[in-house]
Ligand code: ADP
Ligand code: ZN
């Protein structure tokens with residue numbers, strides 16, 4: 001085989017400092033790297049931002065031959081390749097969006113054995129002849145990034161990943177390293193089985209990020225809440241995640257009006273606009289990016305000090321990944337998740353309506369329910385989050401809202417009964433705003449139109465403020481006693497859950513929400 005591009009006799013520590021300019025390995029990187037260099041197959045479970053890339057980049061440079069990295073995301077591949085080339089490493093990417101000239105260059109480099117690290121999409125690698133052609137080179141390591149894509153248990157399944165089980169036949173004696181940030185043990189087993197790597201060593205890193213302050217609050221006045229969260233970060237970088245493109249535009253505008261350097265980011269922007277925003281973000285200037293989930297891939301600014309969620313993410317995994325963009329430099333950073341009952345009900349409703357395969361829907365539903373439970377938790381939020389990843393934290397974290405000021409709870413059985421009967425008596429055709437008016441005995445136009453002032457439930461909740469009732473409604477949604485009945489955000493009963501509450505057979509412990517600032521306008525958008 002052709003001469004190796006690098007000598008392949010440098011130690012991991014030497015490569016770390018000479019090539020990457022870092023002084024020490026983080027967490028389990030060294031252990032993973034040593035294991036791969038010894039020729040062992042390894043499964044690496046490390047949270048996003050944990051430093052997975054070095055786990056295969058360093059062995060690829062320490063062992064003789066070329067490292068092959070299988071990655072499903074073209075944008076990410078191109079980013080990595082560009083970064084590596086900056087460091088003087090001959091990295092290349094083979095994928096479907098490559099211009100023809102570049103392809104010829106890469107082929108020539110491969111033939112001459114000049115490539116240190118080759119990134120390749122799974123489609124490309126499994127296309128006939130490609131793997132065998134690559135195997136004519138000496139290969140140092142096979143890295144399978146985003147390895148959870150091989151598992152049908154999850155929504156990122158990529159059928160081409162299944163063919164990666166055949167790699168050992170084509171690349172005998174080349175160590176394999178599979179990497180993922182998905183920690184649940186069922187997926188881990190599935191990954192190893194699908195790749196035929198049952199003997200692999202598993203190295204799991206903690207997902208605990210002690211420098212992140214976690215907080216969540218029921219939605220009140222969003223603009224006010226976002227501003228309060230950002231107030232201490234006027235000279236920092238911050239990210240505000242929104243559920244829709246429109247919302248990013250509106251929130252960015254309203255932050256700009258209040259003197260913030262705020263820009264929207266979503267998939268609907270032109271590539272020039274996106275590029276310009278990214279360049280400014282990367283430049284290190286203080287700014288707020290108001291983004292949809294489209295903002296994330298390849299974002300690597302270490303000094304993001306604050307991440308706010310204006311809408312609840314669909315899973316603890318997504319939540320963790322997004323808050324994980326804060327404080328990558330290890331310095332303290334804070335996060336705030338705003339949530340509302342209607343958001344939860346709507347997310348459930350849309351998932352039910354989705355045409356995704358049943359198995360996939362069930363996984364997504366389970367994740368959504370964990371996310372909902374996480375927002376409502378009265379215990380340590382970090383503990384609850386880590387538990388979603390199968391990790392037990394000993395003792396409370398001390399860096400979440402619930403640790404800082406313990407949540408008070410109250411017996412909410414009677415309040416719940418009032419809400420559920422109000423829903424029932426009004427025919428399960430109204431949203432939270434109207435129901436609250438009925439409970440509080442407010443003679444609104446809608447109440448009069450429907451003659452709801454004559455119902456026995458009218459005014460039974462006079463003694464509590466509107467916001468308090470909205471908190472009860474939200475918690476009943478979270479517990480599944482109330483569901484969204486259609487596209488018009490009307491609330492109905494989920495009878496099997498609601499009935500025992502109405503009959504007094506189930507007692508409900510509810511959380512006392514902290515009193516949020518009063519709303520600006522009459523409308524609560526949740
Ligand atoms: P992941 O792929 O797990 O999300 P990355 O490999 O992208 O994480 O690493 C996240 C960030 O941490 C990158 O900016 C990377 O350069 C940095 N990093 C990783 N390992 C180290 C280290 N040992 N020392 C300093 N910085 C590191
Ligand atoms: Zn805590």
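Across segment 309-332, the qualifying residues are those that are in contact (Cβ under 8 Å) with a residue 40 or more places away in the chain and over 13 Å from the mean Cα position of the chain (by Cα), and the one among them that is farthest from ligand 1 (Cβ to nearest atom) is 310. Being out of contact with any helix residue (DSSP H, G or I) (no Cβ under 7 Å at 6 or more places or on another chain), in contact (Cβ under 8 Å) with a residue 40 or more places away in the chain and closer than 28 Å to residue 180 by Cβ is a condition met by no residue of segment 282-292.
Among the strands (runs of 3 or more DSSP E) confined to segment 399-496, the ones with at least 3 residues that are out of contact with any helix residue (DSSP H, G or I) (no Cβ under 7 Å at 6 or more places or on another chain) are located at 409-411.
Once segment 96-120 is narrowed to residues that are in contact with a strand residue (DSSP E or B) (Cβ under 7 Å, 6 or more places away or on another chain) and in a loop (DSSP other than H, G, I, E, B), the residue that is surrounded by the fewest Cβ atoms within 10 Å (Cβ to Cβ) is 115.
Those strands (runs of 3 or more DSSP E) of segment 172-227 in which at least 1 residues are more than 21 Å from residue 153 (Cα to Cα), within 18 Å of the chain's Cα centre (by Cα) and in contact (Cβ under 8 Å) with a residue 60 or more places away in the chain, considering only elements entirely within it, cover 212-218. Scanning segment 233-248 for residues that are in contact (Cβ under 8 Å) with a residue 40 or more places away in the chain and more than 18 Å from the chain's Cα centre (by Cα) turns up 233, 234, 235, 236, 237, 247. When each of 58, 36, 19 is tested for being within 14 Å of ligand 1 (Cβ to nearest atom), buried (at least 20 other Cβ atoms within 10 Å of the Cβ) and either assigned to a helix (DSSP H, G or I) or touching a residue at least 60 places away in the same chain (Cβ under 8 Å) (or both), the lone residue that passes is 58.
We did not get these values from a lab; they are worked out from the coordinates using the rules stated. Since this is a predicted model, take the numbers as computed values, not measurements. Glycine gets a Cβ as well: all are built from the backbone with ideal geometry, and neighbour counts include every protein chain shown.
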